[in-house]
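Here is the structure we will look at.
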Amino acid sequence: MSSSEEYPTPPAAGVGKRGDDGYLGYLLRQAAAAYRLRQDREFADLGITAPQFAVMTMLKAYPGQSNADLARLAILTPQTTSVIIANLERAGHIERRAHEVHGRILQIDLTPSGHSLLQACRARVEAVEKELAENLRESDIDALRRSLVAIAKMNMA
């Protein structure tokens, strides 16, 4: 390209390689980034982040997990999870207790405050997910879920 030629403007999401002609991995990453941004915007006034929401969601589903277990469940690094746990504990949304057998392992649970916050976050996420599904048939949603699970199982085994 000569110096007098302009570089093309990158396309918007949904166009070219950012659309139907895109690489599957890129499109997954693009969708995840868009969803994460939407969650962050929805949670901003609650003082919580999408990764904190993921940790709290996993704690509700699987109470008493350790930091390492939560990192795996929430698909975060142990270091990130440690920071999240410390911040949630400082805010009074979780509590840690020694494991009954392995005292050095700390099990983590949501507090009543954490349950209330998670419920507020969940209501917002449900609204976002309803909006995401508006233009999809139920069969498409089921197929998308199966496809995403299959991809995760293949790559996270």
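Between Leu24 and Glu126, the C-beta separation translates, for a Förster distance of 25 Å, into a calculated FRET efficiency of about 0.35. The Cβ shell under 10 Å around Tyr26 holds other residues with a net charge of +3, Lys and Arg each +1, Asp and Glu each -1.
Which aspartates and glutamates have a Cα less than 15 Å from the Cα of Lys130, not counting those fewer than 8 places away in the same chain? List returned: Glu42, Glu138, Asp140, Asp142.
Remark: relative contact order (the chain) = 16 percent; criterion is Cα-Cα distance under 8 angstrom and separation of 6 or more residues. A crude spin-label estimate for the pair Asp140 and Thr80, with each label 7 Å from Cα along the Cβ direction, gives 2.9 nm.
Over the chain, the Kirkwood radius and the radius of gyration, each from Cα atoms, give a ratio Rg/Rh of 1.08. In summary, the helical segments of the chain meeting the span-like criteria, namely a full DSSP H run, a Cα extent along the axis of 27 angstrom or more and a mean Kyte-Doolittle hydropathy of at least -1.0, are 24-43, 112-133.
Length gained on full extension, His115 to Ala13, computed as 0.36 nm times the residue gap minus the Cα-Cα distance: 33.2 nm. Under a model in which nothing but the beta-carbon of Lys, Arg (+1) and Asp, Glu (-1) is charged, the chain shows a dipole of about 480 debye around its Cα centre.
Only the coordinates and a few stated rules stand behind these numbers; no lab work does. Predicted model, so just to flag it, every value in this text is computed and none were measured. Ideal geometry is used to build each Cβ from the backbone, glycine not excepted, and the neighbour counts take in all protein chains shown.
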